[in-house]
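Report on one structure; see the data block that follows.
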Amino acid sequence: MASDISPPAPASVAAPATLVGQHQLYTRTRLATPADVPHIHKLMYQMAVFQNDTHLFTATESSLASTLFNSPPFQSFTIFILELSSYPLKNIHSPAFLPVERTVLVDHETTDPDAETFKSSAANEDGDHNVTVAGFVLFMPSYTTFAGKPGFHVEDLLVRECYRRKGFGKMLLSAVVEQAVKMGFKRVEWSVLEWNVSAVKFYEEMGAKVLSEWRVCRLSGDALEAYGDIANC
């Protein structure tokens with residue numbers, strides 16, 4: 001579809017949803033489903049905007065739908081979705097992963113201008129229309145050769161801007177780490193941009209070590225395709 005090759009359309013203008021300070025906010029971290037693809041696509045684009053990499057963003061809803069859900073959770077690409085509501089959340093059935101629910105206090109007023117755009121697909125299924133997608137984390141299995149055990153590699157972690165600095169990023173990452181421990185995995189790893197000082201501090205506060213002696217190596221684009229040309233010679 002031609003529309004798939006374009007960035008997500010800007011959020012429609014609607015009356016902002018406001019969460020008033022000093023009240024309970026209900027959160028849920030759950031497995032993503034194919035119904036979440038439109039939200040995942042928009043969240044990924046927001047990450048590209050944050051990193052000044054929109055010129056590299058070529059993912060489409062179709063490409064995400066065809067690649068993200070081909071294997072059981074935790075055996076390949078897996079996504080956790082973070083949802084928020086001002087009201088108690090209804091139970092959802094998820095045999096592969098028991099959703100993690102928490103109740104937090106919002107210290108000050110939070111206005112979400114895109115609340116309607118990010119209305120949860122799970123909310124639509126159970127009839128609760130006051131549930132908003134606030135962020136996501138994408139991760140996949142890795143392997144630690146020295147220990148001879150698997151681990152998780154976290155590819156992307158994003159909390160939407162209006163919900164940052166409230167502990168929600170820690171909720172998402174903690175859910176991945178807790179799942180790794182539950183499965184007997186040895187390690188959880190991810191990368192962070194050097195200029196993102198606040199993220200580096202956040203990860204260190206969670207107990208992570210930032211390995212300055214390692215560098216990320218990548219083959220992509222023409223450099224990657226050149227190897228296909230060699231193979232065809």
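The values are calculated or read from the model by the stated rules, or taken from the named source; none is laboratory data. Keep in mind that this is a model prediction, so the values were computed, not measured. Glycine also receives a Cβ, built like all others from the backbone with ideal geometry; neighbour counts cover every protein chain displayed. In case anyone asks, the SASA skips ligands and DNA or RNA and just uses the protein heavy atoms, side chains included. Shrake-Rupley method; radii C 1.70, N 1.55, O 1.52, S 1.80 Å.
Structural remarks
- Hits in region 45-102 (condition: polar (S, T, N, Q), within 30 Å of His23 (Cα to Cα) and in a loop (DSSP other than H, G, I, E, B)): Ser86, Asn91, Ser94
- Just one residue in the set Val133, Val192 is closer than 29 Å to His93 by Cβ, outside any helix (DSSP H, G or I), touching a helix residue (DSSP H, G or I) at 6+ places or on another chain (Cβ under 6 Å) and not acidic (Asp, Glu); that residue is Val133.
- Residues satisfying the stated conditions in region 175-233, i.e. open to solvent by 100 Å² or more (accessible area, probe 1.4 Å) and touching a strand residue (DSSP E or B) at 6+ places or on another chain (Cβ under 8 Å): Lys186, Arg187
- Some residue of region 159-166 being on the phi < 0 side of the Ramachandran plot, at pLDDT 95 or above, open to solvent by less than 40 Å² (accessible area, probe 1.4 Å) and assigned to a strand (DSSP E or B): yes
- Selection within region 55-73 - in contact (Cβ under 8 Å) with a residue 24 or more places away in the chain and out of contact with any Pro (no Cβ under 7 Å at 6 or more places or on another chain): Thr58, Thr60, Ser62, Ser63, Leu64, Leu68, Pro72, Pro73
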